[in-house]
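Novice: Would you mind keeping the following structure in view while I ask a few things?
The values are calculated or read from the model by the stated rules, or taken from the named source; none is laboratory data. What you see is a predicted model; the values in this text were computed from it and never measured. Cβ placement follows ideal geometry from the backbone for every residue including glycine, while neighbour counts extend to all protein chains displayed.
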Amino acid sequence: MAYVDNGVETVTAKPTLAKSIWYFIQSIDAQVGSKAILPAWQTEGETDYGGDSIDEQTKFGRIVMPSTNEDSIELTTYVAPGDKSVDIIKDAKHNGKSVKVWRVVADKRYATEEQDSEDTHQVFPAEFGYGTVDELDMSDGDDLVEANYTLNITGKLVDGTFPLTDEQLATLEEVAKFERPGETTGEPGASK
């Protein structure tokens with residue numbers, strides 16, 4: 001047999017920071033052209049690419065093959081005035097509806113450009129699915145009110161892209177920014 005050396009492939013890029021992964025939701029009742037909702041104060045997000053496989057023994061040996069997709073997304077956020085996300089989740093749970101959910105990698109290293117009939121814009125890798133609310137837990141302890149919910153995805157998460165402008169990306173990236181005296185008024189994030 002001839003010697004074969006196909007080499008190796010390595011990656012030396014810095015790992016992706018979890019803080020660059022953002023989840024957006026939208027009610028299935030939202031009008032066409034409505035904005036996606038960024039749940040306020042996301043603390044954790046977890047995407048599970050689950051499912052079962054068939055695993056059987058036969059006289060000829062073991063059979064292992066894929067069976068089901070059971071993707072899910074679990075989010076934890078702090079509840080804040082004006083954040084519509086908890087109301088969307090609660091409405092979906094109480095009324096047996098799904099919600100739309102996107103998992104977006106908002107890291108400039110992953111950005112690409114898309115061209116439409118009018119202009120070019122940057123997009124980021126995203127996954128999309130319709131999620132059924134498994135459970136909504138509201139934690140009213142001694143600290144901040146916390147919402148935790150799991151969205152069980154119908155079918156599986158689908159790959160695509162999500163547009164974000166530089167301004168939107170900057171808003172996601174910065175919690176506080178430098179400012180000069182007298183530049184703004186009010187609490188952080190308040191308008192000028």
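Novice: Are any of the residues in region 14-35 buried (at least 17 other Cβ atoms within 10 Å of the Cβ), out of contact with any helix residue (DSSP H, G or I) (no Cβ under 9 Å at 6 or more places or on another chain), closer than 17 Å to residue 158 by Cβ and polar (S, T, N, Q)?
Specialist: Scanning region 14-35, I find no residue that is buried (at least 17 other Cβ atoms within 10 Å of the Cβ), out of contact with any helix residue (DSSP H, G or I) (no Cβ under 9 Å at 6 or more places or on another chain), closer than 17 Å to residue 158 by Cβ and polar (S, T, N, Q), so the answer is no.
Novice: Turning to a different aspect of this structure: Residues of region 24-43 being farther than 17 Å from residue 125 by Cα and part of a loop (DSSP other than H, G, I, E, B), which ones? Can you show your working first?
Specialist: So the first thing to find is which residues in region 24-43 are farther than 17 Å from residue 125 by Cα, and the list is 26-35, 37, 39-43.
Within region 24-43, 28, 29, 30, 31, 32, 33, 34, 35, 39, 40, 41 meet the criteria.
Novice: Small (Gly, Ala, Ser), touching a residue at least 12 places away in the same chain (Cβ under 8 Å) and touching a strand residue (DSSP E or B) at 6+ places or on another chain (Cβ under 9 Å): is that true of residue 106 in this structure? Spell out how you get there, then give the answer.
Specialist: Numbers: small (Gly, Ala, Ser): yes; touching a residue at least 12 places away in the same chain (Cβ under 8 Å): yes; touching a strand residue (DSSP E or B) at 6+ places or on another chain (Cβ under 9 Å): yes.
Considered against the rule, which asks whether it is small (Gly, Ala, Ser), touching a residue at least 12 places away in the same chain (Cβ under 8 Å) and touching a strand residue (DSSP E or B) at 6+ places or on another chain (Cβ under 9 Å), residue 106 comes out as yes.
Novice: While we're here: Being without any contact (Cβ under 8 Å) to a residue 24 or more places away in the chain and part of a loop (DSSP other than H, G, I, E, B) is the requirement here; does residue 4 meet it? Give the steps one after another, and end with the answer.
Specialist: On the way: without any contact (Cβ under 8 Å) to a residue 24 or more places away in the chain: yes; part of a loop (DSSP other than H, G, I, E, B): yes.
For residue 4, the condition - without any contact (Cβ under 8 Å) to a residue 24 or more places away in the chain and part of a loop (DSSP other than H, G, I, E, B) - is met.
Novice: All but one of (1) aliphatic (A, V, I, L, M); (2) surrounded by 13 or more Cβ atoms within 10 Å (Cβ to Cβ); (3) not in a loop (DSSP other than H, G, I, E, B) hold for residue 144; state the number of the condition that does not hold.
Specialist: (3)
Novice: Just to be sure, is residue 118 in contact with a Lys or Arg (Cβ under 9 Å, 6 or more places away or on another chain), within 28 Å of residue 32 (Cβ to Cβ) and not hydroxyl-bearing (Ser, Thr, Tyr)?
Specialist: Values: in contact with a Lys or Arg (Cβ under 9 Å, 6 or more places away or on another chain): no; within 28 Å of residue 32 (Cβ to Cβ): yes; not hydroxyl-bearing (Ser, Thr, Tyr): yes.
Against the criterion (in contact with a Lys or Arg (Cβ under 9 Å, 6 or more places away or on another chain), within 28 Å of residue 32 (Cβ to Cβ) and not hydroxyl-bearing (Ser, Thr, Tyr)), residue 118 does not qualify.
Novice: Follow-up. Against the condition over 18 Å from residue 21 (Cα atoms) and in contact with a strand residue (DSSP E or B) (Cβ under 7 Å, 6 or more places away or on another chain), how does residue 127 come out, does it pass? Steps first, answer last, please.
Specialist: Numbers: over 18 Å from residue 21 (Cα atoms): no; in contact with a strand residue (DSSP E or B) (Cβ under 7 Å, 6 or more places away or on another chain): yes.
No; evaluated as a whole, the condition is false for this residue.
Novice: Tally up the residues in region 44-89 that are modelled with pLDDT under 90, over 20 Å from the mean Cα position of the chain (by Cα) and not in a strand (DSSP E or B), please.
Specialist: 3
Novice: Checking residue 114 against (1) assigned to a strand (DSSP E or B); (2) loosely packed, with under 10 Cβ neighbours inside 10 Å; (3) at pLDDT below 95: exactly one of these is not met. Which one?
Specialist: For residue 114, the failing item is (2).
Novice: Scan (1) surrounded by 10 or more Cβ atoms within 10 Å (Cβ to Cβ); (2) out of contact with any strand residue (DSSP E or B) (no Cβ under 6 Å at 6 or more places or on another chain); (3) more than 19 Å from residue 150 (Cβ to Cβ) for the single condition residue 54 breaks and write down its number.
Specialist: Evaluating residue 54 over (1) surrounded by 10 or more Cβ atoms within 10 Å (Cβ to Cβ); (2) out of contact with any strand residue (DSSP E or B) (no Cβ under 6 Å at 6 or more places or on another chain); (3) more than 19 Å from residue 150 (Cβ to Cβ) leaves (2) as the failure.
Novice: If the requirement is being under 29 Å from residue 143 (Cβ atoms), without any contact (Cβ under 8 Å) to a residue 24 or more places away in the chain and of a type outside the set (Ser, Thr, Tyr), which of these qualifies: 52, 87?
Specialist: Numbers: 52 fails: under 29 Å from residue 143 (Cβ atoms).
So the residue among 52, 87 that is under 29 Å from residue 143 (Cβ atoms), without any contact (Cβ under 8 Å) to a residue 24 or more places away in the chain and of a type outside the set (Ser, Thr, Tyr) is 87.
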